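First comes the structure, then the notes that go with it.
The values are calculated or read from the model by the stated rules, or taken from the named source; none is laboratory data. Because the structure is a prediction, the values reported are computed rather than measured. When we count neighbours, we look across all protein chains shown, and the Cβ atoms used for this are built from the backbone with ideal geometry, even at glycine.
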Amino acid sequence: MAVATEKLKAGDVLYDTHSHKMGNTTMSCEGVWMCRVREVAEDGSWAPVSWNGNPARKHYRRLPNSWKRNPKEWVRTGWRGRECYMCNASEDDGHEPDCDHPRAVSRRKREAKAAAKAAKESPAPRGEGQPS
Ligand SMILES: [Zn+2]
């Protein structure tokens with residue numbers, strides 16, 4: 001879903017992920033480009049956004065569909081499979097422990113919660129081999 005300009009605020013960063021052809025081959029890979037919101041009109045109807053460091057261009061109402069609040073979790077950057085845009089880890093290895101990608105962050109939270117719950121639900125073994 002496209003991001004609406006009225007939801008933006010100055011300083012927001014969006015990520016444009018789309019595929020492109022690699023060099024002069026027929027192989028396509030994906031790239032991520034940062035889009036910086038310079039400001040937002042008072043009524044939210046338009047916003048100048050700078051794509052990949054280029055001069056800002058005005059966007060009205062909706063940003064292009066490929067512009068997201070977060071980069072795709074796994075980006076096919078080349079021959080080596082897919083990697084995380086934020087921590088550069090490969091999909092096979094999973095995110096780095098300090099990766100800032102929202103999916104990685106929420107996964108870490110979920111895992112920590114699950115671990116805490118499991119620790120709570122399975123009380124430490126007692127009585128076994130100990131004098132009562
Ligand atoms: Zn990552």
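Can you list the strands (runs of 3 or more DSSP E) found entirely within the stretch 15-132 that contain at least 3 residues being away from the ligand (no atom under 15 Å from the Cβ) and at pLDDT below 95?
In the stretch 15-132, 28-37 are the strands (runs of 3 or more DSSP E) which contain 3 or more residues that are away from the ligand (no atom under 15 Å from the Cβ) and at pLDDT below 95.
Picking from V3, V40, which residue would you name as being touching a residue at least 12 places away in the same chain (Cβ under 8 Å), β-branched (V, I, T) and either in contact with a helix residue (DSSP H, G or I) (Cβ under 8 Å, 6 or more places away or on another chain) or surrounded by fewer than 16 Cβ atoms within 10 Å (Cβ to Cβ) (or both)?
Going through V3, V40 in turn, just one is touching a residue at least 12 places away in the same chain (Cβ under 8 Å), β-branched (V, I, T) and either in contact with a helix residue (DSSP H, G or I) (Cβ under 8 Å, 6 or more places away or on another chain) or surrounded by fewer than 16 Cβ atoms within 10 Å (Cβ to Cβ) (or both): V40.
What's the total number of residues in the stretch 88-124 that are of a type in the set (D, E, K, R) and touching a residue at least 24 places away in the same chain (Cβ under 8 Å)?
The total comes to 1.
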